[in-house]
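The values are calculated or read from the model by the stated rules, or taken from the named source; none is laboratory data. The model shown is predicted, which means the values in this text are computed figures rather than measured ones. Every residue, glycine among them, receives a Cβ derived from its backbone with ideal geometry; neighbour counts consider all protein chains shown.
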Amino acid sequence: MENKAEGGKVAKARGLGLGISFKQAVEVCDFVRGKPVSAAVAYLGSVAGGKSAVPFRRFNRGGTGHRSGSLGPGRFPMKTASEIMRIVRSAEANARNMGLDSGKLAIVHIAANRGSKAYHYGRKRRRLMKRTHVEVLVGEGK
């Protein structure tokens, strides 16, 4: 897939209908956008392991505590980080299959969108499930 803005090739991967929080996905995507793929995967792995926090800049109301250092308000979205890491790795594999250099790859575009609204049914009243679509484009950095 040719990227007209960058002038080079980019590889794409998408995750549709993921069972993760949209708000957490937006914060994680904002944090890893523009980073090299290797650094993003390493950081998402440490978030999934509970060692590093993700700064929450947009959805940080309602008791989001400050983390150590100069991070500010942040949380540990472990499930969201592991799902997004899986999609970034898939985009990296697609780029390698296209012949791009995996050492120079960076996240060109990453976005989270709301998915369909499905209901949990059960003994009590119904509840909406969390559904999120995530799209990742990786390309060779300059």
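Put simply, of ILE87, ILE20 the only residue that is in a loop (DSSP other than H, G, I, E, B) and either crowded, with 17+ Cβ neighbours inside 10 Å or modelled with pLDDT of 95 or more (or both) is ILE20.
Between LYS35, LYS79, the distinction of being farther than 22 Å from LYS9 by Cα and surrounded by fewer than 19 Cβ atoms within 10 Å (Cβ to Cβ) belongs to LYS79 only.
Can you tell me which residue in segment 111-130 is surrounded by the fewest Cβ atoms within 10 Å (Cβ to Cβ), limited to those that are without any contact (Cβ under 8 Å) to a residue 24 or more places away in the chain and part of a loop (DSSP other than H, G, I, E, B)? Here the answer is ARG123. Of the candidates ALA106, ALA112, ALA93, the single residue that is within 24 Å of PRO36 (Cα to Cα), modelled with pLDDT of 95 or more and over 14 Å from the mean Cα position of the chain (by Cα) is ALA93.
From the list PRO36, PRO55, PRO77, the one residue that fits, being farther than 21 Å from LEU137 by Cα and touching a residue at least 40 places away in the same chain (Cβ under 8 Å), is PRO77.
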